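The values are calculated or read from the model by the stated rules, or taken from the named source; none is laboratory data. Values in this document were obtained by computation on a predicted structure and should not be read as measured data. Reconstructed Cβ throughout: ideal geometry from the backbone, glycine too, with neighbour counts over all protein chains shown.
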Amino acid sequence: MNSRLFRVSTQAVSPQLNAFFLQVLDTVRRHKNGPLFFEQVDPISQLLPTYFDYIKRPLCFTQVRFNLSSGYYSFVYEFLRDVRLVFDNCRIFWTNENNKDFVKAADEVEGQFLILLERKIKVDSAELAEISNYQFKNVFVQKKMQLSNITKQFNELSFKGQQVVISFLEREGIREFQFGPKQFGVFKQFQRLVAVVGAEK
């Protein structure tokens, strides 16, 4: 992966970027084939008995949108990977079922998604595939450094400010600044809270 693509992929999902991604998905939904990708596949009611033979992680844009709304994504590549998975699931299953119409629909809607994304992030289809397959090992180091910096800011807060932050963490079930992989949204709230309380000193 080249340095530009790595830099794009590993940037943090700021509130502004999160809102932009939500807007992109809402626009994608208005595409003539967009609604297909917002419905979770139900192999039983849709009579698709072989679906789970090919698809190991079902995902639709309704779930991706929920993830955005709940602050699940910390880095851009996490969001882009899920977007690619939605399209790839469609292509993989319907290619095996010899249905070219759904494969074509996935290509068309992905194309529109990438065009909309260009306003903030420029990647093409091949780069989107590369992001979905790349092992972002350095990102975890980056996240530890980020937490280390916030912890330092926390230690510089007044006693009252620290109590405000600790109360928030206790409500969220966080102990000793240990954030699990599913708690990216809480981590971001913690990050913002430390900054706000620090500014009030």
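Just a few scattered comments:
- Scanning the range 12-28 for residues that are without any contact (Cβ under 8 Å) to a residue 24 or more places away in the chain and of a type in the set (A, V, I, L, M) yields a single hit, ALA19.
- Under the condition of being in a helix (DSSP H, G or I) and in contact with a helix residue (DSSP H, G or I) (Cβ under 8 Å, 6 or more places away or on another chain), the residues counted in the range 7-22 number 6.
- Looking across the range 1-40 at every residue that is among the hydroxyl-bearing types (Ser, Thr, Tyr) and within 16 Å of the chain's Cα centre (by Cα), the one that is farthest from ARG91 (Cα to Cα) is identified as SER14.
- When the range 1-21 is filtered for residues that are at pLDDT 90 or above, of a type in the set (A, V, I, L, M) and surrounded by 14 or more Cβ atoms within 10 Å (Cβ to Cβ), only LEU17 remains.
- Test: residue in the range 65-79 that is closer than 16 Å to VAL123 by Cβ, out of contact with any Pro (no Cβ under 8 Å at 6 or more places or on another chain) and either β-branched (Val, Ile, Thr) or free of Cβ contacts under 8 Å to residues at least 60 places away in the same chain (or both): yes
- Any chance THR62 is among the β-branched types (Val, Ile, Thr) and over 21 Å from the mean Cα position of the chain (by Cα): no
- Residue list for the range 108-120, filter: assigned to a helix (DSSP H, G or I) and touching a residue at least 12 places away in the same chain (Cβ under 8 Å): GLU108, VAL109, GLU110, GLY111, GLN112, PHE113, LEU114, LEU116, LEU117
- Residue match in the range 92-103 (condition: within 28 Å of ASN2 (Cα to Cα) and not in a loop (DSSP other than H, G, I, E, B)): yes
- Candidates are the residues of the range 30-61 that are part of a helix (DSSP H, G or I) and surrounded by fewer than 15 Cβ atoms within 10 Å (Cβ to Cβ); the one that is modelled with the highest pLDDT is PRO35.
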